[in-house]
Amino acid sequence: MVLELLNSVYFGNTFLAWIYFFATLIIFVLVAKTIIYFTKGFGRRITSKIKGDWDDKLLDLVEEPIAAFAAIIGLLIGYQFLTFDVTADFYFYNIVKLASLLIGTWVVTRIIDVFLEVFIKPLTGKTKSKYDDQLIQLLGKLLKAAAIILAIIISLDNFGFDVFTLVAGLGIGGLAFAF
């Protein structure tokens, strides 16, 4: 009875393969939660002994993305237990690439925030003018927008769109806007 259930096929894979997939996924989600737990506890104790707050901000910056990457790695490893056709594999791996790219973009935008807050804002606080404060905010928004646009272009390229014509069109549109 149990052997029949384990060998029964659902969506082209045995029930046992699905159990392996979900077990691997659950294990890596637990690993991700453990990473967050240890960085919040153990990491905070270490960073509290270091002067300055840049290390605390850096720890805040990396703990959730590392956990998300651990979950994606678990998804990739678990997917190895399943067999699908070439089209499903293509979309699965492209979605995983997209998720990794989104996490990477998330990290880059957070790095921009931390860099501006820790290193640049103290410098602008020493001046009497408020224009540099506004300029730093504008610079941060522009850098984050550039990172997001770059991530969109890379993700469109991964899904097979011709991004060369898109980038060329944006360049021509930018020139027209500048004139």
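The values are calculated or read from the model by the stated rules, or taken from the named source; none is laboratory data. Quick caveat, the model's predicted, so the values are computed rather than measured. Accessible surface is based on the protein model in full, side chains and every heavy atom, while ligands, DNA and RNA are left aside. Shrake-Rupley method; radii C 1.70, N 1.55, O 1.52, S 1.80 Å.
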By how many degrees, between 0 and 90 and to the nearest 10, does the Cα long axis of helix 54-79 differ from the longest principal axis of the chain?
20
Per the 1.4 Å probe, what fraction of the accessible area of the chain, in percent, lies on carbon and sulfur atoms?
75
Cross-link pairs Lys57/Lys141; Lys121/Lys141; Lys121/Lys144; Lys51/Lys121; Lys57/Lys128 - those with Cα-Cα distance over 24 Å:
Lys57/Lys128
List the equivalent ellipsoid semi-axes of the range 58-148 in whole Å, largest first, each obtained as the square root of 5λ for an eigenvalue λ of the Cα gyration tensor.
40, 14, 4
Under a 10 Å cutoff between Cα atoms, tell me which one of Lys33, Lys97, Lys51 has the largest fluctuation in the Gaussian network model of the chain.
Lys51
With N residues in the range 96-138, Rg(alpha-carbon) / (2.2 N^0.38 Å) equals 1.56
Quick one: grab the alpha carbon gyration tensor of the chain, order the square roots of its eigenvalues as a ≥ b ≥ c, and give me rounded if a/c is under 1.5, else prolate or oblate depending on whether a/b is larger than b/c.
oblate
The range 26-65, accessible area per residue, ligands and nucleic acids excluded (1.4 Å, Å²):
71
Compare Gly41, Gly104, Gly169 in a GNM of the chain, Cα atoms joined below 10 Å, and give the one with the largest fluctuation.
Gly169
Candidates Gly74, Gly43, Gly125, ranked by Gaussian network fluctuation over the chain, Cα under 10 Å, top entry:
Gly125
Per the helix-only model, the chain has a calculated mean residue ellipticity at 222 nm (DSSP H runs of ≥4, -39500 (n - 2.57) each, divided over all residues, rounded to the nearest 500) of -28000 deg cm²/dmol
